[in-house]
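Asker: My questions will all concern the structure given below.
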Amino acid sequence: MLAGYQHLLFAGRRLQWDEAAIDLGPDARAVADLPTAVRARLDRLVAGFCVAETAVAQHLDPFVARSAAVDPDAHACFALQQGDERRHARFFARVADEVLGLPADPRALAGPAIVGLFEEDLPRRAAALAADAEAFGAAVGLYHLVLEGIVFAIGQDALLDELDALDGALPGTRAGVARVQGDERWHVGLGVLHLRTLGAPVDVTEPARRAAAAWGPGIATVARVDRVLRAHARRVGFVPAAA
């Protein structure tokens, strides 16, 4: 059963949290003792999320604007989502700076596949939507189903797996990532509902293939990708199929 806009709005408002209230002090003190391979994966994941969350927050403006003509509750959902994405970007920026000490420009660590999806594909779709309301379905398909539903889901699973294996060594980071994951679940639900409401057929086969591999083999393991894509397939079942 697909939830309505009011249900998603209630869920999103209930999940609100303050990234500045998370204590990252213990994490900063513990990070020097992490194994080199674990530290490298954490650096890559956090850098990727810094790039990705900054981009999705920046390019949500046309989604918010266009949704106003569809449904007032849809508009409220997209506006609330934009606030979430800005908070996520601030949280990962804190982890990058205060815990991991990453470079100010995280793109080299994030890798070209992540940068290409979020700083090339997403801006193109957002610009098309700003120019033409008929591009709404394709834009939501990329943003919500592919970038959030696949790239973010794989990265969040990987990051939580890494943090859980550390037996509480980075508690603040772990708490924040879990909060981010909770937000992103309702965001994906919003995308699915909106495509259903629009009756907009989408074909995300090619970007989904690229998205599943974007983190690289050390993070996008076969088991993790399979788990995420199976969940993704269940969601897409609510979306009109492209001819």
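Just so you know, all these numbers are worked out from the coordinates, no wet-lab data involved. This one's a predicted model, so the numbers in the text were calculated from it and none came from an experiment. Ideal geometry is used to build each Cβ from the backbone, glycine not excepted, and the neighbour counts take in all protein chains shown.
Asker: Search the structure for amide H atoms under 5 Å from the amide H of residue 202, placed 1.01 Å from N in the peptide plane, and list their residues when 5 or more places away or on another chain.
Answerer: So residue 202 has HN proximity to 242.
Asker: Follow-up. Taking the number of other C-beta atoms within 10 Å as the exposure measure, put 27, 33 in order starting with the fewest.
Answerer: 33, 27
Asker: Then there's this: Using only helices, what value at 222 nm comes out for the chain when you add -39,500 (n - 2.57) per DSSP H run of length 4 or more and divide by the total residues, to the nearest 500 deg cm²/dmol?
Answerer: Numbers: 13 runs with 157 residues, N = 243.
Rounded to the nearest 500, the figure is -20000 deg cm²/dmol.
Asker: With θ taken as phi - 60° and the coefficients 6.51, -1.76 and 1.60, list the Karplus ³J(HN,Hα) couplings across region 98-103 in order, rounded to whole Hz; mark glycine and proline as x.
Answerer: Computed from phi, the couplings for region 98-103 are 7, 9, 9, x, 6, x Hz.
Asker: Given the C-alpha centroids of region 17-73 and region 179-221, what is the distance between them in whole angstrom?
Answerer: When both Cα centres are located, 16 Å separates them.
Asker: Taking a quarter of the surface of the convex hull around the Cα atoms of the chain, what do you get in nm²? Mind showing how you got there, number by number?
Answerer: Values: hull surface 49.4 nm².
That works out to 12.3 nm², a quarter of the Cα hull's surface.
Asker: Report the relative contact order of region 5-236, percent, no decimals, based on alpha-carbon pairs under 8 angstrom and at least 6 residues apart. Walk me through the numbers on the way to the answer.
Answerer: Working: 277 pairs, mean separation 68.0, N = 232.
The normalised contact order for region 5-236 reaches 29 percent.
Asker: Tell me, what are the semi-axes, in whole angstrom and largest first, of the equivalent ellipsoid of region 144-218 as set by the roots of 5 times the Cα gyration tensor eigenvalues?
Answerer: Numbers: eigenvalues 156, 52, 5 Å².
With the √(5λ) rule applied to region 144-218, the semi-axes are 28, 16, 5 Å.
Asker: Dividing the Cα radius of gyration by the Kirkwood radius, what Rg/Rh value follows for region 1-128?
Answerer: 1.04
Asker: For 22, 114, 154, which order do you get if you count the other beta carbons within 10 Å of each Cβ and list the fewest first?
Answerer: Details: 22 18, 114 28, 154 25.
Listed from fewest to most nearby Cβ atoms, that is 22, 154, 114.
Asker: If you place +1 on the Cβ of every Lys and Arg, -1 on the Cβ of every Asp and Glu, and leave all else neutral, what size is the dipole of region 5-236 about its Cα centre, to the nearest 20 Debye?
Answerer: Dipole of region 5-236, to the nearest 20 debye: 420 debye.
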